[in-house]
Structure formats: C-alpha cells, structure tokens
1. Hey, what do the phi angles of region 70-82 turn into as Karplus ³J(HN,Hα) couplings, whole Hz, using 6.51/-1.76/1.60 and θ = phi - 60°, x for Gly and Pro?
2. Which distance in nm do the two modelled labels at LEU84 and ASN41 give, with both placed 7 Å along the Cα-to-Cβ direction?
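Derivation of every value follows stated rules applied to the coordinates shown; laboratory data play no part. Here the structure is a predicted model, which means the values were calculated and not measured. Methodologically, a virtual Cβ is constructed for each residue, glycine included, from the backbone with ideal geometry; neighbour enumeration extends over all protein chains shown.
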Amino acid sequence: MKKVLLPMLCVCFFTATSVQAQSILDQAKNAAGTTQNPLINTSGIAGSILQKLTPALGLSAVQQPKVSNLLTNFLKQKAGIMPLQQTNPASYASKFAGLQGGLFSKLKLLLTAAQYTKFLGLKPKTNDATNVLSQLFF
C-alpha cells in the first residue's frame, strides 16, 4: 500500500505544481504582450482619435477620410517601432520624432492654418493613457 500511495502523492503534487507554474507563465506572457504593444488595434484607435478631432477642429466630410488614413498609417508605423521603447529608448525617440514630423507635415497640408493651430493646442500636457490623443504626441 505504501509503495502505491507515496508515488501517487508525488505525481499529484508535481502535476499541481507544474499546472500552477504554467498558469503564472501564461499570465506573464499575456501581460507582456499587452503592455509592449498597445497599438494592436490601429484602426480602432485612429477612429477614436478622429472622433475627438472632428468636432474640435471642425473637419469637413472631405478631410475626415484623409485624416483617418494618415492616422491609421502613422499608428501602424508607430506600432512597428514600439518594441524599441523598451530595448533602445534613444532609437525609439529618434524614429518616433521622424514619424511624428511626417504626420504633422501631412496634416499641415491637409488642414487649414486655424485647424492646424487648434490641433497643436490639443496636445496633452503629459502622456496620459486615458487621452487617446497622447498616441499622436508621445
């Protein structure tokens, strides 16, 4: 009886331990995946940004799809460099500045001078995760 009971207890103990360890590993992988790249849904984020910009800037029906396209492309490019934010912050900052400059120069051509000035005035004071416009400025 002892010969059977002891091995069964050991198997149960090691099985429970390995299942718990795998669960913790899965949770860590999921957390790392969501924090490393919050821009997975670029078209959804672009839509949210457009919803804020349209009334604030008074975007016309002609401007809206063009701005949406610019935002989506910018966010896709930003998502591509996001891993650098953790591994190489200087490279990320340099590449982000280039992407942001490209977006802003295209917006400057698309928007009126008054709209562009209002757009720059919408910049959040800090990188606030609750403000979707932070994606454009930080």
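1. Couplings: 4, 5, 4, 5, 4, 5, 5, 5, 5, 4, x, 9, 4 Hz.
2. 2.7 nm
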